[in-house]
Amino acid sequence: MNLGTAVAILFTLGTGFGLVHLLWPTKTTQARLHLLKACLAVGLGLGVSSCSFLAALTAQTVIPFATLVLDAIAIAVVLAAVIVVGRRRDKRLSPISTEDESPALGRVALVALGVGLVFAAIGLYWMAGTRPYGRWDAVAIWNLKARFLALGGAAWANVFNDALAHTDYPLLLPLSIARLWTYAGSTTTTVPQAVPVLFAFLTIGVLLATVSILRGRTLGALAALALMANVYFMTYPSWQYADIPLGCYELTALCMTALAWRLGDHGRKVWVLAGLAGGCAAWTKNEGLLFVVALLTATMGVTAVVRGPRRIGQTLVPLLGGLAPFLLVIAAFKLGVAAPNDLFRKLALSEVWDKVTDPDRHRHILRIAGFLVRVNHDWLVSLGLLLCVGLCGVNPNRHDWPAVATVVLTVLITALGYYVVYLITSHDLGWHLKTSADRLFMHLWPSWVLLVFLVIRSPPQLVTMTSPQR
């Protein structure tokens with residue numbers, strides 16, 4: 001790592017930690033809260049710095065050293081907001097779980113998690129070395145765009161050239177890679193290898209911290225182990241695709257949603273953090289826009305049921321406040337320079353009804369989905385988690401049921417959206433399913449693990465329930 005790369009990382013962390021500190025509602029005294037804040041800071045810092053780098057590319061003919069200048073402006077604005085707003089935190093708020101913990105079982109789970117993380121790091125390092133340039137989409141889409149962006153000048157506009165594939169894809173990942181290349185002064189393969197691996201560990205950290213906060217350390221460690229048990233999750237970072245970053249941001253948005261529900265009326269700032277994470281998801285891949293729609297729909301529905309229709313605005317306004325900056329960037333990108341989406345560009349409206357009413361298309365989609373679950377041993381982990389829920393029962397703590405309902409609805413609406421896209425796609429359905437279905441599963445995998453560990457009964461509760469009554 002040279003000095004330029006270190007400066008880029010410091011700017012990213014400074015912006016991210018400033019944002020999280022500004023929006024964090026409680027005094028942070030627990031290690032699990034510190035871990036969650038650190039993961040949030042890195043993820044949101046990367047999202048914000050990608051936007052500042054895009055602004056630098058458009059302004060570099062006017063402002064010398066635009067990347068450095070705009071990064072400095074971004075961190076200065078955030079730090080100024082921290083100073084102006086102040087550091088007042090409510091000590092009485094505590095989202096930490098009050099469930100009974102088994103110290104011995106917790107230590108065993110944490111040791112197992114530590115061993116798992118060591119093997120995960122070794123495996124990811126080895127796999128990244130075997131694919132220094134990633135797989136095909138990384139070479140032809142993500143890293144190719146990053147190289148054009150890193151060139152700057154007139155060259156970066158080539159990312160919108162119709163000769164390239166998927167010119168409508170959002171740019172968080174290639175912008176993040178190009179920004180680090182710009183600071184480093186070279187297009188080293190280490191950067192595109194390291195960024196997806198970083199997102200994989202951020203995903204583990206966010207899940208571990210959130211479940212530990214809401215359900216206790218034992219379940220937190222078990223949730224992280226369940227996440228890593230899916231071999232695809234530990235393989236995809238070496239492909240250098242945007243699927244792991246997208247899954248990370250979707251999980252983060254849902255984790256912030258769960259935390260906001262736990263804090264009740266004091267969780268408005270956490271809703272803003274959820275919106276920022278959702279905005280980053282939308283800025284990562286087109287599927288992230290569908291996730292944002294699902295999250296907004298689920299949040300409004302659950303709020304209407306739990307708090308009443310008149311209080312929807314109390315939840316929706318801060319959530320939209322976090323989403324707004326990224327949605328504005330995406331709107332400018334989509335409406336200003338991006339080409340039409342290739343899934344629908346060649347689709348005539350007259351064809352939509354024929355495809356929707358074609359039973360063969362429905363059977364084909366369901367058959368492929370069933371094949372992925374039956375044959376791919378990685379997804380047996382998911383079935384194992386379902387079995388655990390059935391054997392152990394569900395969490396008797398009803399404070400988290402609004403969060404559970406929000407996660408369930410968001411995941412279901414997102415999955416339904418994927419189904420509809422396959423149904424009406426202008427591509428050959430067989431090819432489309434073959435090349436993307438498994439990756440769409442991976443988008444939702446971390447959120448699915450979160451859902452299971454929000455509802456499952458903890459091991460100490462099981463021991464209490466099964467102990468003989470005197």
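The values are calculated or read from the model by the stated rules, or taken from the named source; none is laboratory data. Everything numeric here is computed off the predicted structure, so don't read it as measured data. We place every Cβ from the backbone using ideal geometry, glycine too, and count neighbours over all the protein chains shown. For the accessible areas, the whole protein counts, side chains as well, though only heavy atoms, and no ligand, DNA or RNA atoms are used. Shrake-Rupley method; radii C 1.70, N 1.55, O 1.52, S 1.80 Å.
Would you check which residues across the range 1-59 are β-branched (V, I, T), over 18 Å from the mean Cα position of the chain (by Cα) and crowded, with 23+ Cβ neighbours inside 10 Å and list them? Before the answer, list the steps.
Within the range 1-59, the first condition is being β-branched (V, I, T), and the residues that meet it are 5, 7, 9, 12, 15, 20, 26, 28-29, 42, 48, 58.
Checking which are over 18 Å from the mean Cα position of the chain (by Cα) leaves us with 5, 7, 9, 15, 26, 28-29, 58.
If the condition is that a residue be β-branched (V, I, T), over 18 Å from the mean Cα position of the chain (by Cα) and crowded, with 23+ Cβ neighbours inside 10 Å, then T15 is the only one that fits.
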* To do: Answer yes or no: is there a residue in the range 285-297 that is open to solvent by 10 Å² or more (accessible area, probe 1.4 Å), within 23 Å of V82 (Cα to Cα), assigned to a helix (DSSP H, G or I) and of a type in the set (A, V, I, L, M).
  => no
* Asked: Considering the range 152-180 alone, what residues qualify as being open to solvent by 30 Å² or more (accessible area, probe 1.4 Å) and not in a helix (DSSP H, G or I)?
  -> G153, A154, N161, D162, A163, L164, A165, H166, Y169
* Asked: Hey, among W431, W379, which residue is on the phi < 0 side of the Ramachandran plot and either surrounded by 13 or more Cβ atoms within 10 Å (Cβ to Cβ) or modelled with pLDDT under 75 (or both)?
  -> W379
* Asked: Do you know which residues across the range 310-362 are surrounded by 13 or more Cβ atoms within 10 Å (Cβ to Cβ), of a type in the set (A, V, I, L, M) and over 29 Å from the mean Cα position of the chain (by Cα)?
  -> L347, V352
* Within the group V408, V421, V452, which residue is under 21 Å from M300 (Cα atoms) and either modelled with pLDDT under 90 or of a type in the set (V, I, T) (or both)? -> V408
* Which number in (1) under 26 Å from G123 (Cα atoms); (2) buried (at least 24 other Cβ atoms within 10 Å of the Cβ); (3) of a type in the set (G, A, S) marks the one condition that A194 misses? -> (2)
* Structure fact -> Within the range 230-247, residues in a helix (DSSP H, G or I) and either open to solvent by 10 Å² or more (accessible area, probe 1.4 Å) or among the aliphatic types (A, V, I, L, M) (or both) come out as V231, Y232, M234, T235, W239, I244, L246
* Asked: What is the residue count in the range 423-433 for residues that are in contact (Cβ under 8 Å) with a residue 60 or more places away in the chain and in a helix (DSSP H, G or I)?
  -> 5
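Which residue is least open to solvent (accessible area, probe 1.4 Å), if the candidates are limited to the range 139-151 and must be closer than 15 Å to L171 by Cβ and touching a Phe, Trp or Tyr at 6+ places or on another chain (Cβ under 6 Å)?
Restricting to residues being closer than 15 Å to L171 by Cβ and touching a Phe, Trp or Tyr at 6+ places or on another chain (Cβ under 6 Å), the top hit is L149.
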* Restricting attention to the range 199-212, does a residue exist that is within 21 Å of the chain's Cα centre (by Cα), more than 19 Å from P245 (Cα to Cα) and either outside any loop (DSSP other than H, G, I, E, B) or hydrophobic (A, V, I, L, M, F, W, C) (or both)? -> yes
* **Check on A221, surrounded by 24 or more Cβ atoms within 10 Å (Cβ to Cβ) and modelled with pLDDT under 95** => yes
